[in-house]
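Engineer: Shown below is the structure under consideration.
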């Protein structure tokens with residue numbers, strides 16, 4: 001059982017960066033994809049890009065209009081269309097864009113990986129152009145799994161490129177975002193990174209971060225942003241018969257457990273989405289969450305969930321139901 005002091009905080013500081021983030025931002029890996037079924041093959045080779053640009057811009061505008069001030073993206077997302085749609089959105093609503101922080105990732109594209117110095121510099125400048133920005137608060141090295149660390153951290157490799165861009169004033173802070181907890185922990189432990197996006201590691205169903213990520217982050221005051229906080233939607237909707245979840249193989253025991261959590265939320269007239277997101281950030285190392293949103297309805301629900309008031313008594317009832325499950329993540 002995981003016990004955490006449940007103090008509601010609407011904004012938090014991202015570790016040693018000093019950046020103030022809302023406890024719920026917006027993840028854009030699937031923004032603009034009309035159907036949940038289309039998310040599964042979106043990043044497989046030789047598949048059609050499922051992103052509907054008009055739907056994506058509509059989704060992003062809806063998020064900004066309900067108070068979104070933090071968007072996380074990447075070159076990989078939408079095969080660069082995510083950044084393009086964010087740029088279009090900011091042009092359409094500059095009044096809201098000025099208050100929004102955008103973070104992105106470099107080194108991984110739909111076509112493959114390239115952590116060379118020149119490729120990373122190119123990635124960052126191309127991202128700035130698509131987004132219509134002059135600089136980034138944080139740029140993350142994206143998914144350096146299966147690469148020798150010196151091929152990523154060398155002076156003439158990805159980290160050296162980001163340090164160069166820091167010197168140029170184009171990037172303020174450097175982070176790592178690996179879709180694998182073990183790799184994230186290893187990179188965080190180097191002390192080179194100011195922030196990290198942690199996927200598949202911190203949710204009401206997955207507390208892998210307790211093993212290595214949190215100790216390493218605490219040692220170096222690395223700010224953490226939790227990706228996959230709603231476990232591909234399971235912690236928003238509850239179990240749905242026949243649903244396939246990207247990179248998840250939930251056991252029946254896990255699904256039954258989520259149904260019990262959902263029932264508790266319903267008894268208290270609370271959205272499980274709000275509970276799932278707000279559970280993540282009372283931990284002192286976790287500044288924010290970035291639940292993904294395909295559509296305007298999903299984006300609005302996630303942003304508004306951060307504002308739901310949850311009584312302390314509810315957290316006391318929930319605590320015995322917080323359990324770690326091995327969810328069969330296929331990386």
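The values are calculated or read from the model by the stated rules, or taken from the named source; none is laboratory data. Predicted model, so just to flag it, every value in this text is computed and none were measured. Here Cβ is always computed from backbone atoms with ideal geometry, including for glycine, and neighbour counts include all displayed protein chains.
Engineer: Yes or no: region 69-81 includes at least one residue that is surrounded by fewer than 21 Cβ atoms within 10 Å (Cβ to Cβ), in contact with a helix residue (DSSP H, G or I) (Cβ under 7 Å, 6 or more places away or on another chain) and modelled with pLDDT under 95.
Structural biologist: Looking through region 69-81, none of the residues is surrounded by fewer than 21 Cβ atoms within 10 Å (Cβ to Cβ), in contact with a helix residue (DSSP H, G or I) (Cβ under 7 Å, 6 or more places away or on another chain) and modelled with pLDDT under 95.
Engineer: For region 206-221, how many residues meet the condition of being in contact with a helix residue (DSSP H, G or I) (Cβ under 9 Å, 6 or more places away or on another chain), in a loop (DSSP other than H, G, I, E, B) and surrounded by 17 or more Cβ atoms within 10 Å (Cβ to Cβ)?
Structural biologist: Adding up the residues that qualify gives 1.
Engineer: Hey, does region 257-265 have a residue that's surrounded by fewer than 21 Cβ atoms within 10 Å (Cβ to Cβ), in contact with a helix residue (DSSP H, G or I) (Cβ under 9 Å, 6 or more places away or on another chain), free of Cβ contacts under 8 Å to residues at least 40 places away in the same chain and within 19 Å of residue 179 (Cα to Cα)?
Structural biologist: The answer is no; no qualifying residue exists.
Engineer: What's the total number of residues in region 40-81 that are part of a loop (DSSP other than H, G, I, E, B) and more than 16 Å from the chain's Cα centre (by Cα)?
Structural biologist: So the answer is 15.
Engineer: Out of 311, 320, I need the residue that is under 16 Å from residue 207 (Cα atoms), exposed (fewer than 14 other Cβ atoms within 10 Å of the Cβ) and touching a residue at least 12 places away in the same chain (Cβ under 8 Å). Which one?
Structural biologist: Testing whether each residue is under 16 Å from residue 207 (Cα atoms), exposed (fewer than 14 other Cβ atoms within 10 Å of the Cβ) and touching a residue at least 12 places away in the same chain (Cβ under 8 Å) leaves just 320.
Engineer: For region 95-137, give me each residue that is farther than 21 Å from residue 155 by Cα, surrounded by fewer than 18 Cβ atoms within 10 Å (Cβ to Cβ) and without any contact (Cβ under 8 Å) to a residue 60 or more places away in the chain.
Structural biologist: 95, 98, 99, 109, 111, 112, 126, 129, 132, 134, 135
Engineer: Please find, among 224, 234, 273, the residue that is touching a strand residue (DSSP E or B) at 6+ places or on another chain (Cβ under 9 Å), surrounded by 20 or more Cβ atoms within 10 Å (Cβ to Cβ) and either at pLDDT 95 or above or in a helix (DSSP H, G or I) (or both).
Structural biologist: Of 224, 234, 273, the one residue that is touching a strand residue (DSSP E or B) at 6+ places or on another chain (Cβ under 9 Å), surrounded by 20 or more Cβ atoms within 10 Å (Cβ to Cβ) and either at pLDDT 95 or above or in a helix (DSSP H, G or I) (or both) is 224.
Engineer: So for region 177-186 (the condition being part of a strand (DSSP E or B) and either buried (at least 17 other Cβ atoms within 10 Å of the Cβ) or without any contact (Cβ under 8 Å) to a residue 12 or more places away in the chain (or both)), does at least one residue qualify?
Structural biologist: Yes, region 177-186 contains at least one residue that is part of a strand (DSSP E or B) and either buried (at least 17 other Cβ atoms within 10 Å of the Cβ) or without any contact (Cβ under 8 Å) to a residue 12 or more places away in the chain (or both).
Engineer: Report, by residue number, each residue of region 239-256 that is in a loop (DSSP other than H, G, I, E, B) and either at positive phi or surrounded by 15 or more Cβ atoms within 10 Å (Cβ to Cβ) (or both).
Structural biologist: Residues satisfying the conditions are 239, 242, 243, 245, 246, 247, 248, 250.
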